[in-house]
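Some notes on the structure that comes next.
The values are calculated or read from the model by the stated rules, or taken from the named source; none is laboratory data. Remember, predicted model here, so these are calculated numbers, not experimental data. Here the Cβ is made from the backbone with ideal geometry for all residues, glycine too, and neighbour counts use every protein chain on show. Remember, those area values only see protein heavy atoms, side chains included, never the ligands or the DNA or RNA. Shrake-Rupley method; radii C 1.70, N 1.55, O 1.52, S 1.80 Å.
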Amino acid sequence: MSTPLVSIAMPFYNAERTIGASIRSMLLQTYPNWELLLCDDGSTDASHDLARAFNDPRIVVWGDRRRLELGARLNECIERARGEYIARMDADDIAYPRRLEKQLCFLEDHPDVDLTGGCAVVFADGGAPLGKRNYPAAHADIARRPLHWFKLLHPTFMGKTSWFRRYRYRADAIRCEDLDLLFRARAGSRFANLPEIVLGYRQGSLHLRKCLRGRWMWCRCSGRYLNGTGRLRVGAVEAVKGCWDVLAVAVRAHAAWLRSRYAALTEEELREWRQVWDSLS
C-alpha cells in the first residue's frame, strides 16, 4: 500500500447497527488516498466482524477485547496513523462524499491552521433530518468561551498529525475528551471551521447518566488547569446545565430541547442530505 495522506480515526464500541453505513460513507469519498483506522474498544456485539467484512486494503481493524474508552483508543489511532493529517469520525455518523477533499484542500491552503471542523446535518435513526449545527469559521469565535465549550464538533475534526501527537487525548477525560484537548491546545494552536456541511451527525435520545458523567468529568479535568475562581465558575455552569438536563428528561421535553438548538435546513441542504443517505442503502 502507498502511504496515505489522511488517516481516519474511528474507535467503536457495540456499533453493529450503525458502523456499516459509517464505513460505506468513507468508501464513497471523492478523495481516495486515506486509511481508515477502526479500533474496537471491547465490543460485545457483531461490530468487529462487520468492520472486518469490508474488503478494502485501506481499512485497518484491531482490538484487544478491553474497554478503555474513547480517549485511550484515539491515542492508539494517533500512534498508528501513517498520514500527514488525521480526521475524526464516529461509528454512528455519516461523512459527506467530499468531506475529506474539502477539509484537506482547506488545510493545505491554510498552513497556519492546525485543526478544522465543519457544519453538520443532525439526523435521527432512519435518516430523518432534524436540523443543522452551524459553527463559526474564525478561531476567536470558536474559542470564545474555552471554560465551557468550543464551537468545533468532535467528529468533524481534521488536523495535522503532528498536532495530535503533540497534545494527544487524556485517557481519563471520559465524555469530555474533545473539550479537554482543545482547552489544553488553544494557546498554541489555530482552529477553523468550514462554513458548509461535511457530516451527518446522528442524534439519539438524551442519555442522562452519560451526560451528567461528562459534566462531572469536565469539572474534574478542568481543575488541573484552573485556580479556585475558575473551578467555581466551571462547577457552577456545569451544575446549572446538569439541572436543565434532569428537568428536560423529567418532563419528557429533551427531544424538543435538542431540536431547538438546531438551525433549519434549506431545501437544497435537504436534497443533498437525502442523496447522501440514499447512497448508503
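A few notes on this one:
- Protection proxy ranking, highest mean first, for peptides 141-150, 154-163: 154-163, 141-150, where packing is the per-residue count of other beta-carbon atoms within 10 Å, averaged.
- Dipole magnitude of the chain about its Cα centre (Cβ charges: Lys, Arg +1; Asp, Glu -1), debye to nearest 20: 1180
- For the stretch 91-248, a simple Cβ point-charge model (Lys and Arg +1, Asp and Glu -1, everything else neutral) yields a dipole of about 640 debye relative to the Cα centre.
- For the stretch 1-153, the Cα gyration tensor yields ellipsoid semi-axes of 25, 19, 17 Å (square root of five times each eigenvalue, largest first, whole Å).
- Whether the stretch 143-243 is rounded, prolate or oblate, judged on the alpha carbon gyration tensor where a/c under 1.5 counts as rounded: oblate
- Prolate/oblate/rounded call for the stretch 63-162, Cα gyration tensor, a/c under 1.5 rounded: rounded
- Rolling a 1.4 angstrom probe over the protein heavy atoms with all chains in place gives the chain an accessible area of 47 Å² per residue.
- Peptides 208-218, 86-96, ordered by how many other C-beta atoms sit within 10 Å of their residues on average, highest first, read 86-96, 208-218.
- Beta bridges by DSSP in the chain, antiparallel share as percent, to the nearest 5: 35
- Ordering of 233-243, 43-53, 264-274 by packing [mean C-beta count within 10 Å, highest first]: 43-53, 233-243, 264-274
- Nearest-20 debye value, the stretch 155-281 charge dipole, Cβ charges on Lys, Arg, Asp, Glu: 820
- Per residue, the average separation of C-alpha pairs within less than 8 Å and at least 6 apart gives the chain a relative contact order of 20 percent.
- Segment PHE106-ALA138, extension gain: residue separation times 0.36 nm, minus the distance between their alpha carbons: 10.2 nm
- Estimated [θ] at 222 nm from DSSP helical runs (n ≥ 4, -39500 (n - 2.57)) normalised by residues in the chain, nearest 500: -12000 deg cm²/dmol
- Relative contact order of the stretch 131-204, taken over Cα pairs closer than 8 Å and 6 or more residues apart, is 41 percent.
- Cα convex hull of the stretch 160-214 - mean projected area over all directions, nm²: 5.4
- The chain: most fluctuating residue of ASN14, ASN193, ASN134 per GNM, C-alpha cutoff 10 Å: ASN14
- Working from label points 7 Å from Cα in the Cα-to-Cβ sense, the ASN33 to ARG17 distance is 3.9 nm.
- Among the helices of the chain, those built from whole DSSP H runs whose Cα atoms reach 30 Å or more along their own axis and whose mean Kyte-Doolittle hydropathy is at least 0.5 are 228-250.
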